[in-house]
Structures are given as C-alpha cells and as structure tokens.
Amino acid sequence: MKLVCIGDSITFGYGVFKKDCWVCLLDNKFDIEIINKGVNGDTTAGMLSRSYEDVITLNPSHVIIMGGCNDFMCGRQLDMVRNNLGELLKEALNYNIVPIVGIEPPIDAVLAEKKWSRDVNYNLVNNIVEDYRHWIMDFCNKSKINYIDFHKCFKEALKNKDPRELYVDGLHPTALGHKLMYQCVIDVFQAMKLCLE
C-alpha cells in the first residue's frame, strides 16, 4: 500500500511541529509509504490543478482527499466545491487509485475571530460545511467510497474538551487535535481492513 494525502493546511500540519501532524503520525505507525501533499491555504480548485502531478504521477494505491473550508471562507459556492471534489474523485478512480474523502473539522468561531480574522462569518461557513459534509456522506455512500468524518470526531471530543485543547486558532488543530485525527483515520482503515504492515 502507498498513500498520498492531498489537502490544505490541515493536511500540511499548519501550527504544529511536523512530527505532530496526523499524516506524520500515520507514517510513523505503519510500514507503508505515506506522502503529505497538503498545501497551506489551498482550495479544491488548487488541489484539482495539481492532483495529476501530486497524486497520479506518484502512483499510490490510495489517496486521502480533504478540502473545502478555504473555498467557503473565500465565498465560493457549494456547488463549485462539490464539482471540484467530484472531479478529484473521478480522476483517482480513472487511474485505479482508491480515494478516501476527509471531512474537515468544524471551525471554532470564537477562537477564529480572536486569533485568525474578524472578516469572516465563521458561523455561516460552518453551516455550509455541514451541508457539504452531508453531501459527501451521501455521495460516498451511493458511490461506495470511504470517508473519514473528522468533523464528527471533533464534535464528539468537544463535548468534554475546551476548544483551546483541540485548536491552535479556531481553524487548525493542536497536537492533540492531530492525535484525534490520526485515531479517526486508524478507525476507518481498520473498518476497511487495509493491509498496513
């Protein structure tokens, strides 16, 4: 098995040491090749423009594709983001790469306004992300594509944890947040019965 992870800053590991990023935690756990193709600030359009070079030419067996939040913070429409994700999935499948969709964690609006920017309506973005999440789950279930619901993992964890334990700035996970993401991936991989050794 060879895995590429393509996404934005949450895949890249913005705000934490490289060793604490969920992709690196996976790489340390399993004896398989894992390549991090996360780019800070990337959108689904950006991911689509680089997916051939960053995914297809590397010839992985599997790819985790995660993005969308940056699109919504820039005011891009849900339909466009859905279409971009659909194209990313189609391209992977055309090259016999097994796609897995990552659903990004929710934004903590209070922290994001304090530590990131006050120019974004984070509650509106979260509402769009919820719609996007439901579409992903529905689409993946119909298409028999696996997904990792990081959004649900964070919502569950936030029932007993202060957001500052899981978020650096309301948008990006802390080292503990990345550990949570890593565990979410493990759970899905086990359910898929992937050979990871």
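Computed from the coordinates by the stated procedures, all read-outs in this text should not be read as laboratory data. Model, not experiment: these values are computed from the prediction. Please note: Cβ atoms are built from the backbone with ideal geometry, for glycine as well, and neighbour counts cover all protein chains shown.
Given a Förster distance of 22 angstrom, what is the FRET efficiency for M192 paired with I56, based on the Cβ-Cβ distance and rounded to 0.05? Provide the component values of the computation, followed by the final result.
Values: r = 21 Å, r/R0 = 0.97.
Plugging the Cβ-Cβ distance into 1/(1 + (r/R0)^6) gives 0.55.
Along the range 22-31, what does the Karplus equation 6.51 cos²θ - 1.76 cosθ + 1.60 (θ = phi - 60°) give for ³J(HN,Hα), rounded to whole Hz, x for Gly and Pro?
In residue order, the calculated couplings are 4, 5, 5, 4, 5, 4, 6, 7, 10, 8 Hz.
³J(HN,Hα) across the range 50-55 via Karplus (A = 6.51, B = -1.76, C = 1.60, θ = phi - 60°), whole Hz, x for Gly/Pro?
For the range 50-55, the Karplus curve yields 10, 5, 5, 6, 8, 10 Hz.
Per DSSP helix of 4 or more residues, -39500 (n - 2.57); summed, then divided by the residues of the chain. What does that give at 222 nm, rounded to the nearest 500? Please report the intermediate quantities before stating the final value.
Numbers: 10 runs with 104 residues, N = 197.
Result for the chain, helices only: -15500 deg cm²/dmol.
Note down the nm distance, to one decimal, between modelled labels 7 Å out along Cα→Cβ at K142 and at L78.
In this crude spin-label approximation the distance works out to 1.4 nm.
Fully extended, how many nm does the chain gain between E33 and N123 (0.36 nm per residue separation, minus their Cα-Cα distance)? Present the calculation step by step, with values, prior to reporting the outcome.
On the way: separation 90, 0.36 × 90 = 32.40 nm, distance 3.77 nm.
Using 0.36 nm per residue and subtracting the Cα-Cα distance, I get 28.6 nm.
Rounded to the nearest 20 Debye, what is the dipole magnitude of the range 2-192 about its Cα centre when Lys and Arg each give +1 and Asp and Glu each give -1 at the C-beta?
Numbers: 21 positive and 25 negative charges, 50 e Å.
For this selection, approximately 240 debye.
Three principal axis extents, largest first, for the C-alpha atoms of the chain, in Å?
43, 35, 28
What ³J(HN,Hα) values, in whole Hz, does the Karplus curve 6.51 cos²θ - 1.76 cosθ + 1.60 give for the range 175-185 when θ = phi - 60°, with x put for Gly and Pro?
In residue order, the calculated couplings are 4, 5, x, 5, 4, 5, 4, 4, 5, 4, 5 Hz.
Please report the antiparallel percentage of the DSSP beta bridges confined to the chain, to the nearest 5. Walk me through the numbers before you get to the answer.
Values: 1 of 20 bridges.
The answer is about 5 percent antiparallel.
Full extension from R164 to D131: what is 0.36 nm times the residue separation minus their Cα-Cα distance, to one decimal in nm? Intermediate results must be reported in sequence, preceding the final value.
On the way: separation 33, 0.36 × 33 = 11.88 nm, distance 2.52 nm.
Computed gain between R164 and D131 is 9.4 nm.
Among V168, L158, S9, pick out the residue whose Cα is farthest towards the positive end of the charge dipole of the chain, where Lys and Arg carry +1 and Asp and Glu carry -1 on C-beta, about the Cα centre.
Most positive-ward Cα: L158.
If I build a Gaussian network model for the chain, linking alpha-carbon pairs within less than 10 angstrom, which residue out of L78, L171, L124 has the largest mean-square fluctuation?
Maximum among the listed residues: L124.
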